[in-house]
Amino acid sequence: MKIFLKTEDEIELMREANQLVGKTLGELAKHIKPGVTTLQLDQVADEFIRDNGAIPTFKGFPNPYGGPFPASICTSVNEAVVHGVPNATTVLKDGDIISIDCGTLLNGFCGDSCYTFCVGEVSPEVKELLRVTKESLYKGIEQAVAGRHLGDISSAVQDYCEAHGYGVVRELTGHGIGREMHEDPQVPNYGRRGNGVMLKANMCIAIEPMITMGKRDIYLDANDLWTVRTRDGKPAAHFEHTLVVRKGKAEILSSFEEVERIEGKLY
């Protein structure tokens with residue numbers, strides 16, 4: 001395992017890349033409504049990212065099971081947990097939820113963040129899943145302090161979500177981030193306090209709870225070899241921030257401000 005601590009100059013470049021991700025998610029928030037296809041959302045994101053001088057890092061990302069990722073964002077609808085592939089036939093409808101994961105490469109550094117959006121009127125039960133998942137992200141971020149351990153982040157997410165009766169996906173994790181989108185260490189959403197790598201100041205990581213309304217079991221969709229779905233068909237939520245570990249309090253580099261300004265703070 002090789003963990004790269006970032007300089008302050010590098011962290012500023014990472015902030016720029018991550019702020020662009022937040023602005024891209026905000027731009028997408030304007031277009032999320034019944035009748036829109038996930039391919040249309042991908043086209044909006046791709047154009048916005050490139051117009052702002054960056055490259056969408058997801059496009060062309062290699063897949064050990066098949067071909068490279070064909071789009072600029074991941075669009076995971078309802079029971080899709082992560083890595084949903086945008087296409088012309090998936091049309092958003094009232095009551096859906098959609099997790100949009102977005103990455104950028106700007107000035108040599110990566111940004112990465114995800115937000116789960118409501119489409120039209122969503123049931124209270126599903127909104128509660130989104131609320132708890134989003135709150136669990138911040139529970140994890142509270143533990144991202146120099147001198148603590150990765151397990152402190154992981155257990156904070158797990159304990160909060162399981163206390164609300166939700167499933168915590170084991171097979172997919174957060175990650176280190178910097179010049180590469182995926183760097184060491186992996187950041188699981190389950191674990192034990194005091195376990196794992198000790199956190200050091202200027203470590204940059206992405207924390208991303210992937211939480212299910214039902215059981216935590218998942219499978220890979222054989223149709224595209226990318227989309228990961230819940231085995232019981234129940235909805236899943238996914239929120240992600242990129243941050244830098246500090247001595248007193250973690251510093252979040254990505255942002256949900258544009259999303260929440262446009263759609264309101266729904267949860």
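The values are calculated or read from the model by the stated rules, or taken from the named source; none is laboratory data. Computed from a predicted structure; not experimentally measured. Counting neighbours? That spans all protein chains shown, and the Cβs are built from the backbone with ideal geometry, glycine included. Note: areas computed on protein heavy atoms with side chains; ligands, DNA, RNA excluded. Shrake-Rupley method; radii C 1.70, N 1.55, O 1.52, S 1.80 Å.
Some observations on this one:
- Count of the range 1-19 residues which are among the aliphatic types (A, V, I, L, M) and open to solvent by less than 10 Å² (accessible area, probe 1.4 Å): 3
- Just one of the listed residues (27, 16, 10, 47) is free of Cβ contacts under 8 Å to residues at least 40 places away in the same chain and not basic (Lys, Arg), and it is 47.
- Matching entry among 84, 120, 103 (being in contact (Cβ under 8 Å) with a residue 60 or more places away in the chain and assigned to a strand (DSSP E or B)): 103
- As a summary of the residue check, residue 42 satisfies the conditions (1) open to solvent by 70 Å² or more (accessible area, probe 1.4 Å); (2) under 17 Å from the mean Cα position of the chain (by Cα) except for the one numbered (1).
- Some residue of the range 71-89 being modelled with pLDDT of 95 or more and exposed (fewer than 14 other Cβ atoms within 10 Å of the Cβ): yes
So that you can scan it fast, the table gives a plain yes or no per residue for (1) at pLDDT below 95; (2) buried (at least 17 other Cβ atoms within 10 Å of the Cβ); (3) acidic (Asp, Glu); (4) within 25 Å of residue 108 (Cβ to Cβ):
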{"position": "170", "(1), (2), (3), (4)": "no, no, no, no"}
{"position": "176", "(1), (2), (3), (4)": "no, yes, no, yes"}
{"position": "180", "(1), (2), (3), (4)": "no, no, yes, yes"}
{"position": "185", "(1), (2), (3), (4)": "no, yes, no, yes"}
{"position": "191", "(1), (2), (3), (4)": "no, yes, no, no"}
{"position": "194", "(1), (2), (3), (4)": "no, no, no, no"}
{"position": "205", "(1), (2), (3), (4)": "no, yes, no, yes"}
{"position": "210", "(1), (2), (3), (4)": "no, yes, no, no"}
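- Residues in the range 128-156 that are open to solvent by less than 10 Å² (accessible area, probe 1.4 Å), touching a residue at least 60 places away in the same chain (Cβ under 8 Å) and closer than 20 Å to residue 186 by Cβ: 133, 136, 137, 140, 144.
- Residue match in the range 28-43 (condition: closer than 22 Å to residue 179 by Cβ, modelled with pLDDT of 95 or more and in contact with a Leu (Cβ under 8 Å, 6 or more places away or on another chain)): no
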